[in-house]
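Visitor: My structure is below; once you've seen it, I'll send some questions.
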Amino acid sequence: MSGALRALTMLNALIYFGASAYHSGLLVPAGALAPASIAEALLAVVLATALIGVVSPRIAYGIVLAGTIFGLSIVIARGLLGIDLWIHVVMLAGLAVGFVLLFRRRAA
């Protein structure tokens, strides 16, 4: 894993852990949504396993992308178009940059 991808993966994991903390109600009681908290924590762990080399970054990013899109579909279906939508937008932006770094590294 390149240095840039490693740094981005750490940042992405922190974003997912932060979203998990938000949805657990630790930061804002109104943000409590237990299933989302668990899912985001698990996705952060998947990114962390890529950092330590247990899982290939390509596999980890694929799993996290699928989970994020699933979460976004729930957000849209429930009409939660406030902070929940923006959290997913930030997550997807981070994953997009990660995929660019993954494919650029692979092509080089």
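The values are calculated or read from the model by the stated rules, or taken from the named source; none is laboratory data. What you are looking at is a predicted structure, and each value in this text was computed from that prediction instead of being measured. Heads up, the Cβs are rebuilt from the backbone with ideal geometry, glycines too, and the neighbour counts pull from every protein chain shown. Side chains included, ligands, DNA and RNA excluded: accessible areas come from the protein's heavy atoms. Shrake-Rupley method; radii C 1.70, N 1.55, O 1.52, S 1.80 Å.
Visitor: Can you find a residue in the range 67-75 that is open to solvent by less than 20 Å² (accessible area, probe 1.4 Å), of a type in the set (A, V, I, L, M, F, W, C), modelled with pLDDT under 95 and over 13 Å from the mean Cα position of the chain (by Cα)?
Guide: Yes, there is a match, as at least one residue in the range 67-75 is open to solvent by less than 20 Å² (accessible area, probe 1.4 Å), of a type in the set (A, V, I, L, M, F, W, C), modelled with pLDDT under 95 and over 13 Å from the mean Cα position of the chain (by Cα).
Visitor: Another question about this same structure. Sort out which residues of the range 84-108 are of a type in the set (Val, Ile, Thr) and out of contact with any helix residue (DSSP H, G or I) (no Cβ under 7 Å at 6 or more places or on another chain), and write them in order of number.
Guide: Taking the range 84-108 and keeping what is of a type in the set (Val, Ile, Thr), we get 87, 89-90, 97, 100.
Residues satisfying the conditions are Val89, Val100.
Visitor: Which condition breaks for Ala93 when tested against (1) touching a residue at least 40 places away in the same chain (Cβ under 8 Å); (2) over 9 Å from the mean Cα position of the chain (by Cα)?
Guide: (1)
Visitor: With (1) touching a Ser or Thr at 6+ places or on another chain (Cβ under 7 Å); (2) in contact (Cβ under 8 Å) with a residue 60 or more places away in the chain as the list, and Tyr22 as the residue in question, which single condition is left unmet?
Guide: (1)
Visitor: Can I ask one more? In the range 42-63, which residues are of a type in the set (Ser, Thr, Tyr) and under 21 Å from Ser20 (Cα atoms)?
Guide: The initial filter retains those residues of the range 42-63 that are of a type in the set (Ser, Thr, Tyr), namely 49, 56, 61.
Answer for the range 42-63, where residues must be of a type in the set (Ser, Thr, Tyr) and under 21 Å from Ser20 (Cα atoms): Thr49, Tyr61.
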